[in-house]
1. Take the Cβ-Cβ distance between E39 and E99 as r, set R0 to 25 Å, and report the resulting FRET efficiency rounded to the nearest 0.05.
2. Please report, in cubic angstrom per residue, the volume enclosed by the convex hull of the alpha-carbon atoms of the chain.
3. Lysine pairs, Cα distance under 15 Å, 8 or more residues apart or cross-chain: how many in the chain?
4. Cα atoms only, region 1-60: Rg and Dmax in Å?
5. Set the Förster distance to 41 Å, then compute FRET efficiency between L112 and S18 from the Cβ-Cβ distance, nearest 0.05.
6. Measure nothing fancy, just the Cα-based angle from helix 35-65's long axis to the longest principal axis of the chain, in degrees from 0 to 90, nearest 10.
7. Could you size up the charge dipole of the chain around its Cα centre, putting +1 on the beta carbon of Lys and Arg and -1 on that of Asp and Glu, and report it in debye to the nearest 20?
8. Just add up the charged neighbours of Q77: K/R +1, D/E -1, any other residue whose Cβ is under 14 Å from the Cβ of Q77.
Amino acid sequence: MSSTSEQRRARLVKEAESLIDELLDWNDNTSEPNLTQIEDVVLELRERFSEEMAREVIEAQEAKQLVVGPPCPKCGQEMRYKGQKGVAPQTWVGDVAFERGYYHCAKCKLGLFPPG
Ligand SMILES: [Zn+2]
């Protein structure tokens, strides 16, 4: 079952609010932090929010794309859906672990996770 944009929005707002609460708690409980400590905590929270945003958008895109398999990059034939597989790619926004649809071309023995 795929989520609506409204559900995704609600999840992201909730995540943002909990990160903001964490930041404000940290601020209340940290006396005289230096600039590096402030940067560290802000960057860590930003990274976690980036991962959530990436996860929501990737899952939303995949839910739209499950109707037809992508063309094989080698032979151009439609690739066959092989089910969901857990992946944890290293992206520029950090580790994003989630389930992705896996597609396979029997002719070329090639598999991929669209959109790439
Ligand atoms: Zn192929």
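1. 0.15
2. Values: hull volume 12.6 nm³, N = 116.
That works out to 109 Å³ per residue.
3. So the count of such lysine pairs works out to 4.
4. Calculated on Cα positions, Rg and Dmax stand at 14.3, 48 Å.
5. Using R0 = 41 Å, I get an efficiency of 0.75.
6. Relative to the chain, helix 35-65 is tipped by roughly 30 degrees.
7. It comes to approximately 1440 debye.
8. Details: positive: K74, R80, K107, K109; negative: E78.
Its environment carries a net charge of +3.
The values are calculated or read from the model by the stated rules, or taken from the named source; none is laboratory data. It should be emphasised that the depicted structure is a prediction, and the values quoted were computed from it without experimental measurement. Glycine gets a Cβ as well: all are built from the backbone with ideal geometry, and neighbour counts include every protein chain shown. Calculation scope for accessible area: heavy atoms of the full protein, side chains included, ligands and nucleic acids excluded. Shrake-Rupley method; radii C 1.70, N 1.55, O 1.52, S 1.80 Å.
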